[in-house]
Amino acid sequence: MINIAFITKDSALCGFVIDGHSGYARSGKDIVCSAVSALSHMAYVGIEQVLKLECDASERDGHMELTTLDHERAYVPLKMLEIELNEIKRQFPNYITITYRERRGL
């Protein structure tokens, strides 16, 4: 199961945490994991390299997270990620969970 948590600050998207593997198919053939991975990397590249926003990001096998304080400028890539991951969840409901949690602090 891939667990996705969108991070919000005052109801605005400011990041995400993606954890786990879908288990849809074996490694290298898992279209659910591949789609989630490609979309999350695109959001990361858009935020860090295209928009050049400061963000905290980390990645390891089966885990990726990113947060930024500039949620206004990061809105488009984060919203696109949210829309597309919800579409994948609609198509493969047994392999993805999506939740939302409020960012604490800053």
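The values are calculated or read from the model by the stated rules, or taken from the named source; none is laboratory data. Here the structure is a predicted model, which is why all the values come from computation and not from measurement. Glycine gets a Cβ as well: all are built from the backbone with ideal geometry, and neighbour counts include every protein chain shown. Protein only, heavy atoms only, side chains kept; ligands, DNA and RNA dropped before computing areas. Shrake-Rupley method; radii C 1.70, N 1.55, O 1.52, S 1.80 Å.
Give me the accessible area per residue for region 27-106, probe 1.4 Å, as a whole number in Å².
Computed with neighbouring chains in place, this is 66 Å² per residue.
Which of the listed residues, HIS41, ILE18, GLY28, is farthest toward the dipole's positive end in the chain, when Lys, Arg count +1 and Asp, Glu count -1 at the beta-carbon?
The listed residue farthest towards the positive side: GLY28.
Among the lysines, which fall within straight-line cross-link reach of LYS79, defined as a Cα-Cα distance under 19 Å, with same-chain neighbours fewer than 8 residues apart omitted?
Straight-line reach from LYS79, under 19 Å: LYS9, LYS52, LYS89.
Does anyone have the angle between helix 31-45 and the longest principal axis of the chain? Alpha-carbon axes, 0 to 90°, nearest 10?
20
About the Cα centre of the chain, how large is the charge dipole given +1 on each Lys and Arg Cβ and -1 on each Asp and Glu Cβ? Please answer in debye to the nearest 20.
In debye, rounded to 20, the chain gives about 260.
For THR8, what residues show an amide H to amide H distance below 5 Å, using hydrogens built from the backbone and excluding near sequence neighbours?
CYS14, ARG101, GLU102, ARG103
What part of the accessible area of region 1-47, given as a whole %, is carbon or sulfur when the probe is 1.4 angstrom?
C and S atoms contribute 57 percent here.
Looking only at the chain, where both bridge partners belong to it, what percent of the DSSP beta bridges are antiparallel (to the nearest 5)?
Roughly 70 percent of the DSSP beta bridges within the chain come out antiparallel.
Does anyone have the angle between helix 75-91 and the longest principal axis of the chain? Alpha-carbon axes, 0 to 90°, nearest 10?
20
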